[in-house]
Structures are given as structure tokens and as C-alpha cells.
Amino acid sequence: MSQESSHRIVVIVEESTNPFELGCAIEIFGLHRPEIGGHLYDFRLCTPEPATLMRDGFFTLTGVADLHVADTADTLIIPSRPTLDVPRRPDVLDALRHAHVRGTRLVSFCTGAFTLAEAGVLDDRRATTHWQWAEKFRARFPAVQLEPDVLFVDDGDILTSAGSAAALDLGLHLVRRDHGAEIANAVSRRLVFAAHRDGGQRQFVERPVPDLPDESLAPVLAWAQQHLDTALTVADLAAQAAVSPATLHRRFQAQLGTTPLAWLTGERVTLACRLIELGEQRFDVVARRTGLGTAANLRALMRRETGLTPSAYRRRFSSAPAG
């Protein structure tokens with residue numbers, strides 16, 4: 001399915017880096033995956049010092065490359081850090097600035113956005129961070145267009161994610177962007193993690209939990225994913241969930257941060273991407289099998305959701321020759 005990649009991803013590990021986000025980066029970008037043809041990326045770690053004490057002194061990281069490896073990165077990742085009031089090392093900030101000038105893709109997990117902002121590369125750019133630190137971030141970096149209520153923000157060459165688990169969402173989004181939906185789904189299956197949560201979903205902000213019957217959307221979502229080739233409506237979803245359309249809308253907004261129609265469209269486009277990757281050449285067939293109706297509608301929605309037309313997506317991700 002995949003071939004060994006020459007795209008180099010480098011993670012800068014600083015003192016007090018959170019091991020969880022570091023582990024997310026290693027798991028998604030660094031592991032050998034024989035089921036999809038090998039390594040997805042040329043993955044490296046680097047540190048400013050020979051020995052780096054991780055968060056809360058859990059362990060000390062040694063034996064990795066120095067900061068000069070950041071100069072070779074195609075994608076440079078900054079994990080989270082709990083010490084938000086401690087200025088970052090000048091050499092780390094310089095590495096980020098130089099990478100940005102070179103056109104390197106920059107990525108932060110959780111409070112790593114503070115490091116990007118301190119380097120000045122987020123000015124007048126869209127970004128997010130953990131909701132708990134949103135007000136502190138806004139106060140320190142007013143030039144950044146902070147979006148505090150989303151899982152991650154893809155602003156082209158700079159991508160930022162929210163709290164810890166959102167690092168997995170952003171990581172899978174990058175795999176999908178670089179290698180297509182089929183490879184991203186294979187990685188998510190190995191992770192036993194949701195294949196695709198759109199970046200626009202809300203962060204799970206702490207709030208009181210009412211004593212209510214089970215209102216999980218999981219059953220209706222699973223049912224809808226098995227019937228994407230039919231002309232599903234919001235009313236159909238509501239009937240399957242045994243609630244009114246208005247109640248269904250409220251549950252989608254509360255649990256997924258989106259509307260039933262937007263979720264359904266996103267699932268249809270994801271399925272369309274997979275069919276194209278697997279070699280389906282007839283866009284009218286793709287449109288019919290995904291419930292998108294016509295090739296024109298497929299073209300419009302794929303461009304809106306992925307930034308690519310079906311033809312461009314096929315050229316980039318399909319392993320089958322164009323017919």
C-alpha cells in the first residue's frame with residue numbers, strides 16, 4: 001500500500017516535554033508498519049541538551065540527536081509543555097524561525113502552541129491550544145487568531161492541536177493529508193482509535209454531568225455509516241435514534257460539535273476518498289455509492305472538504321492507473 005517515505009519529521013524534545021504527546025508522535029509517525037509497506041516517514045527526535053528531563057521528572061531522555069537535526073526537517077513538531085511561564089530557549093525559538101523561513105511544516109501539540117507563538121511564527125495566523133490555557137494564550141499573544149473550541153487547526157504550513165488526545169486527531173489528519181484516507185484508516189485501526197474526528201469538533205470542556213439516560217450517538221453513527229449509499233436525511237437519523245430532529249441536532253452539537261448534515265457529508269466524502277484510493281475510476285459510481293448523488297456534487301463537496309477535486313485526489317493518492 002505504501003512505500004518508505006523520504007519526508008522527514010523531527011520532534012524537538014525540550015525539558016519538561018509531556019511524554020504522552022511525544023509518544024503520540026512516535027506511534028503515528030515513527031513506527032515501522034509492514035501492513036502498509038514500511039515507514040510512513042523518516043522520523044527523528046532531537047534535543048537542545050545531551051540529557052533532557054521529561055515532565056515531572058518521570059525519566060531523562062538521552063542518546064538522541066542534537067538540535068541541528070531540526071534543520072533537516074520537512075515537518076517539525078513541538079509537543080506540549082507545562083511550564084508556560086518559563087521562556088523558551090533561544091536556540092529552540094531560532095530553530096523554529098529558521099524552519100518557518102525554509103518552508104518547513106510546523107506542528108504543535110497542546111501547549112506547544114505557546115512555543116510557536118513565542119517564536120513569532122503564529123502572528124496573524126489561526127491556531128488552537130488546550131481550552132484551559134486559552135485566556136492566558138490570548139493575553140500573551142493577541143496577534144494570533146486563537147480558536148479555543150476546536151480539536152485542531154490546519155492553517156496550511158502550520159498546524160496546532162488542543163489537549164493531549166487531540167494530538168492523535170491531528171496526527172491522523174496529517175497522515176490522511178500526506179498519504180490519503182486508506183492509509184490513515186489503517187493507522188487508526190492499529191491505534192484502535194477513531195479514524196477521523198474533524199478538527200472543527202469541540203474540545204471537551206469540563207462541565208457538570210446531568211443524570212440522564214444514555215444519549216450516546218454511537219449506535220446511530222454506526223448505522224448511518226453502513227447506509228451511506230442511501231438517501232439518508234436528518235429525519236432518518238432522528239428516527240433511527242428514536243428522537244426528534246431537534247433533539248438529534250442538540251445531541252450532535254453537544255457530543256460532536258457539528259450538525260447531523262455536516263457529519264453525514266463528511267462521512268460520505270471520507271468514503272468517496274477511500275473508493276478513489278482503491279481504484280474506482282468512475283466518479284458517477286463513487287457519487288452513487290457514497291450517497292452524494294452526482295459527479296458534480298461529488299466534485300463540489302470533495303473540493304470543499306479536502307481542497308482537491310476527485311481527479312486531483314486520484315492523481316495524488318490512488319495506486320491504480322487512471323483509465
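The values are calculated or read from the model by the stated rules, or taken from the named source; none is laboratory data. As the structure is a computational prediction, the values presented were derived from the model and not from experiment. All Cβ positions, glycine included, derive from the backbone under ideal geometry; neighbour counts span all protein chains shown.
Among the residues of the range 95-105, which ones are in a helix (DSSP H, G or I) and among the small types (Gly, Ala, Ser)? Once the filter is applied, which keeps residues that are in a helix (DSSP H, G or I) and among the small types (Gly, Ala, Ser), the range 95-105 yields Ala95, Ala99. The helices (runs of 4 or more DSSP H) found entirely in the range 106-181 that carry 3 or more residues being surrounded by 17 or more Cβ atoms within 10 Å (Cβ to Cβ) and under 15 Å from the mean Cα position of the chain (by Cα) are 166-179. Considering the range 215-231 alone, what residues qualify as being more than 21 Å from Leu292 (Cβ to Cβ) and either not in a loop (DSSP other than H, G, I, E, B) or not aliphatic (A, V, I, L, M) (or both)? Answer for the range 215-231, where residues must be more than 21 Å from Leu292 (Cβ to Cβ) and either not in a loop (DSSP other than H, G, I, E, B) or not aliphatic (A, V, I, L, M) (or both): Glu215, Ser216, Ala218, Pro219. How many residues does the range 4-45 contain that are hydrophobic (A, V, I, L, M, F, W, C), touching a residue at least 24 places away in the same chain (Cβ under 8 Å) and either touching a strand residue (DSSP E or B) at 6+ places or on another chain (Cβ under 7 Å) or part of a loop (DSSP other than H, G, I, E, B) (or both)? Counting residues in the range 4-45 that are hydrophobic (A, V, I, L, M, F, W, C), touching a residue at least 24 places away in the same chain (Cβ under 8 Å) and either touching a strand residue (DSSP E or B) at 6+ places or on another chain (Cβ under 7 Å) or part of a loop (DSSP other than H, G, I, E, B) (or both) gives 11. Of all residues in the range 72-88, count the ones that are over 23 Å from Glu135 (Cα atoms) and surrounded by fewer than 24 Cβ atoms within 10 Å (Cβ to Cβ). Selection size over the range 72-88: 4. From the list Leu212, Leu237, which one is aliphatic (A, V, I, L, M), farther than 23 Å from Ala181 by Cα and at pLDDT below 90? Checking each option against the conditions leaves just Leu212. In the range 16-48, the qualifying residues are those that are closer than 20 Å to Arg81 by Cα and surrounded by fewer than 19 Cβ atoms within 10 Å (Cβ to Cβ), and the one that is farthest from the chain's Cα centre (by Cα) is Pro48. Taken together, the residues in the range 102-128 that are touching a Lys or Arg at 6+ places or on another chain (Cβ under 9 Å) and β-branched (Val, Ile, Thr) amount to 3. All conditions in (1) on the phi < 0 side of the Ramachandran plot; (2) out of contact with any strand residue (DSSP E or B) (no Cβ under 9 Å at 6 or more places or on another chain); (3) at pLDDT below 90 hold for Ala186, with the sole exception of (2).
Check whether at least one residue in the range 49-71 is without any contact (Cβ under 8 Å) to a residue 40 or more places away in the chain, crowded, with 17+ Cβ neighbours inside 10 Å and assigned to a strand (DSSP E or B), and report yes or no. Within the range 49-71, one or more residues are without any contact (Cβ under 8 Å) to a residue 40 or more places away in the chain, crowded, with 17+ Cβ neighbours inside 10 Å and assigned to a strand (DSSP E or B).
Each residue in the range 72-94 was checked for being assigned to a strand (DSSP E or B) and touching a helix residue (DSSP H, G or I) at 6+ places or on another chain (Cβ under 7 Å), and 3 pass. Of all residues assigned to the range 232-242, at least one qualifies as being crowded, with 18+ Cβ neighbours inside 10 Å and outside any helix (DSSP H, G or I). Only one of the listed residues (Leu275, Leu301) is within 20 Å of the chain's Cα centre (by Cα), under 30 Å from Val150 (Cα atoms) and crowded, with 17+ Cβ neighbours inside 10 Å. That residue is Leu301.
Only one of the numbered conditions (1) free of Cβ contacts under 8 Å to residues at least 12 places away in the same chain; (2) surrounded by 15 or more Cβ atoms within 10 Å (Cβ to Cβ) is violated by Val285, and that is (2).
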